[in-house]
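Novice: Have a look at this one.
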Amino acid sequence: MDALLFALTAAAYVIASAIFFVYLFRGDTASRLPTTVLLFGFVVHTMALTSRFFQEGFAAVAVMGKALLFHAWLMVGIYLLMQLKYRLTVLGGIVSPLAFLMTLAAFAVGSGSAEIPPGFRTFWLPLHVTLAFLGNAVFALAFGVSLIYLLQERRLKHKRMTALMKRFPSLESLDRLNYTLLVWGFPLMTLGIITGSLWAGIHWGNYWSWDPRQISSAIAWLLYGALLHGRITAGLRGKKAALLTMFGFCVVLGYFLWGDAIFPTRHGGRFE
Amino acid sequence: MQNEIVIVGLNHRSAPIEVRESVAFENSYVRAALGRLRNYPSVREGVILSTCNRVEVVAAASDSQSAFNDITEFLGEKKAHRNSLPLEDHVYTYRGAEAVRHLFRVAASLDSMVVGEPQILGQLKQYYDTAQQAGTVGTILHRLFHRSFSVAKRVRTETGIGSGAVSVSSVAVDLAKRIFDRFDDKTVMLIGAGKIGDLMARHLLSQGVRSLMVTNRTFERAVLLAEKIQGSPIRFEDFPRYLTMADLVTGCTAAAEVLVEAPTVEKVLRDRKQKAMFFIDIGDRRNFDPKINDLDNVYLYNIDDLKSVAEDNLQGRSNEAEKAEEIVGNEVESFVRWMESLEQVPTITALRRRFEEIRRKEIEKSLGGNLKDLSESQRAALEDMTAAMINKLLHAPISQLKRNSGDEDDDSALYVAALKKLFDLEGK
């Protein structure tokens, strides 16, 4: 049942991506059609996750393949919320394919149903996972906003105007939005790390075990922290800030996707 | 009986400016001119349009050929006492569907010198109002003009025509909008208080800029312009100190020297915590160091850059123009259909009248002759019978005619013409 729902979700995301691209290249950002399709995908996605949650409990999001689905769901959800206030249809053109790739990757990784050992079933785990993923999802959106900023900035610098660019928001509002996302994402990430390490302290016996995932999140955390600090005190903004934001997300995403395969980690479903 | 839309006019392509000027109507005389126009027997309804790029008379006329002559004479009469360039070489004439198309294209700014410029629609509305006040607008022109306004609106909303910037200063504003989100919290510095600076300032004010600084080598001129645009004048030797405050810097002096160097801007940026700056070098000479554009968060456009952006916009617009022409084409079709349906009603009435006349005549003849002994009730029955016969005979052709008017590829005009000819309806 939920396999079908997830397939439907993926289909909705890929259709939404296609419509976003068509509309963007036609220079039409007024249409609500792509956002509506994305919203449809999100609703189906919600149903699928809920159904799986009732079957498996929190294991539904704690296993690698399934975690990706949860992550994509959060990202699309936050984007849709943002759309209410910012009308950033262009960003939908980045979020939709990203969400599609994530659901696709979830299928590829498979969803081998790992059981969470009984001893680990405390409220720390869902709290940690939710906070960490929320942070990641916010940074995924910041990545998209930064990418749009860089495209727009490049064209303005090189004095090449295209119809597509006209539909982009101004650099000023992109940069401000990027900052807002950082301001939300950083505390979420911080809390995610803190809860994670408390959980680790309880179940593994030590708060910090140099687990590769822990290291990579620490790197990303330092990076985002430096960025936030730079923005507040030193007027770090615009292109450099956008590049840093994108780099930070690459660290997060890179480890999220491939880290488990390269280095064995206790994240990603292995709890021993 | 029959009405046709005709247009006689001259525009920026058909006539040089001297000729256009010689026939142009001053605003205050348009009403009087409309009165004179109405005196021509061929003109039933009329609207005069007179802008700096075109002078046109749009009319509903009974006979297009005599209307062409009359209106050309009307336009020429006005210019006769100015000079004597031959007018016929410069005017164009349209009738029927072509006239409708022409007006729609004018309204949608497809016929403008700068395609997509928005003023023409306002002017069209204004001249239409004048004609309406003068009482020279009837059913046909009323419908035609209102249609043309909505065509213009459709073209504006459904195509990119009109969204691209046209003049250099509006290109600059357009670019500024891609950098800045809003203007009411931005500060503009004008270096050079000349005409271009003035124009640029007005453009920016209309975008919501509230804080303007003006500097000029001759301080008095800076003061003068600052007063006009409610900005603050700054002494020329002081302006580098104020750069930190400026988000948008416009250089439009006649000086051939570089007034702002890249290292200066680099320092300014540090002082303003890297907040974005937009330099516009709009004068003929370069006032800003080109290296400024290499700095982060700073954008520099000179006059050539702006011009090439304006051209890019124009190119993008030719595709949009095709879309616009398509909209106009569809609208012309539906308007022409309406015109034709307008003709059906009188034709149907005339047809009925003609049959009724014959019936009346024949009944009178018979009742006066062979049938004069009929009783009152027999006479009534005869009346009923003949009336019913005519109704039955006319039922099929009339309903056919009415049905046709709604069709896509209708031949109603053909039927109307055939009926008129077959039953000699025109003569009556």
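Novice: Placing unit charges on C-beta atoms (Lys and Arg positive, Asp and Glu negative, everything else neutral), compute the dipole magnitude of the range B:338-422 about its Cα centre in debye, rounded to 20. Don't skip to the answer; put the middle values down first.
Specialist: Numbers: 14 positive and 15 negative charges, 91 e Å.
The dipole of the range B:338-422 has a size of about 440 debye.
Novice: What FRET efficiency would be calculated for the residue pair A:ALA108, A:THR50, taking the C-beta separation as r and a Förster radius of 25 Å, to the nearest 0.05?
Specialist: Here the calculated transfer efficiency is 0.60.
Novice: Considering only DSSP beta bridges where both residues belong to chain B, give the percentage that are antiparallel (nearest 5). Present the calculation step by step, with values, prior to reporting the outcome.
Specialist: Details: 19 of 42 bridges.
The answer is about 45 percent antiparallel.
Novice: Computed over the Cα atoms of the range B:98-177, what is the convex hull's projected area averaged over all directions, in nm²?
Specialist: Values: hull surface 24.3 nm².
Averaged projected area of the range B:98-177's Cα convex hull equals 6.1 nm².
Novice: Against the 2.2 N^0.38 Å scaling, with N counting residues, where does the range B:338-422 land? I'd like the Cα-based Rg ratio to two decimal places.
Specialist: That ratio works out to 1.40.
Novice: Mind ordering B:361-369, B:199-207, B:183-191, A:133-141 by average Cβ neighbours within 10 Å, highest first? Write out the running numbers ahead of the final one.
Specialist: On the way: B:361-369: 11.6, B:199-207: 18.0, B:183-191: 22.1, A:133-141: 24.7.
Per-residue mean Cβ counts within 10 Å order the peptides as A:133-141, B:183-191, B:199-207, B:361-369.
Novice: Karplus couplings for the range B:369-380 from phi (6.51 cos²θ - 1.76 cosθ + 1.60, θ = phi - 60°), rounded to Hz, Gly and Pro as x?
Specialist: Once rounded to whole Hz, the list reads x, 4, 9, 5, 8, 5, 6, 4, 6, 5, 4, 4.
Novice: Between the range B:315-355 and the range B:226-290, what is the C-alpha centre distance in whole Å?
Specialist: Each part reduced to its Cα centre gives a spacing of 56 Å.
Novice: Run the Debye formula on the Cα coordinates of chain B, all scatterers equal and no solvent, and tell me log10 I(q)/I(0) at q = 0.06, 0.09, 0.11, 0.12 1/Å.
Specialist: -0.44, -0.76, -0.95, -1.03
Novice: Once phi is turned into θ = phi - 60°, what whole-Hz ³J(HN,Hα) does the Karplus curve with 6.51, -1.76 and 1.60 give for every residue of the range B:169-175, x standing for Gly and Pro?
Specialist: Result, ordered by residue: 6, 6, 4, 4, 5, 4, 5 Hz.
Novice: Here is a further query. Show the residues, 5+ positions off or on another chain, whose built amide H is closer than 5 Å to the amide H of B:PHE279.
Specialist: Amide H to amide H, under 5 Å and 5 or more residues apart or across chains, B:PHE279 pairs with B:VAL249, B:TYR299, B:LEU300, B:TYR301.
Novice: Moving to a separate point now. Roughly what % of DSSP beta bridges within the protein assembly as shown run antiparallel, to the nearest 5?
Specialist: Numbers: 19 of 42 bridges.
Bridges in the protein assembly as shown that DSSP calls antiparallel: roughly 45 percent.
Novice: In a Gaussian network model over chain B where Cα atoms closer than 10 Å are linked, find which of B:PHE236, B:PHE104, B:PHE278 has the largest mean-square fluctuation.
Specialist: Between B:PHE236, B:PHE104, B:PHE278, it is B:PHE236 that shows the largest mean-square fluctuation.
Novice: HN-Hα J couplings of the range A:11-20 from phi, Karplus 6.51/-1.76/1.60, θ = phi - 60°, integer Hz, Gly and Pro as x?
Specialist: 4, 4, 5, 6, 5, 4, 4, 4, 5, 4
Novice: Cα atoms only, the range B:4-158: Rg and Dmax in Å?
Specialist: That works out to 14.3, 46 Å for Rg and Dmax.
Novice: Divide, for the range B:139-227, the radius of gyration over alpha carbons by 2.2 N^0.38 Å, where N is the residue count. Write out the running numbers ahead of the final one.
Specialist: Working: Rg = 18.8 Å, N = 89, 2.2 N^0.38 = 12.1 Å.
Rg over 2.2 N^0.38 Å, computed on Cα atoms: 1.55.
Novice: Hey, any idea what the orientation-averaged projected area of the convex hull of the range B:168-296's Cα atoms comes to, in nm²? Provide the component values of the computation, followed by the final result.
Specialist: Values: hull surface 27.6 nm².
If you wrap the Cα atoms of the range B:168-296 in a convex hull and average its projections, you get 6.9 nm².
Novice: Shape verdict for the protein assembly as shown, please, from the Cα gyration tensor: rounded (a/c under 1.5), prolate (a/b greater than b/c) or oblate. Mind showing how you got there, number by number?
Specialist: Working: a/c = 4.37, a/b = 1.58, b/c = 2.77.
Note, shape of the protein assembly as shown comes out oblate.
Read-outs: derived from the displayed coordinates by stated rules, not from any lab. Every value quoted in this text rests on a predicted model; they were computed, and no experiment measured them. Cβ sites come from the backbone with ideal geometry, for glycine too, and all protein chains shown count toward neighbours.
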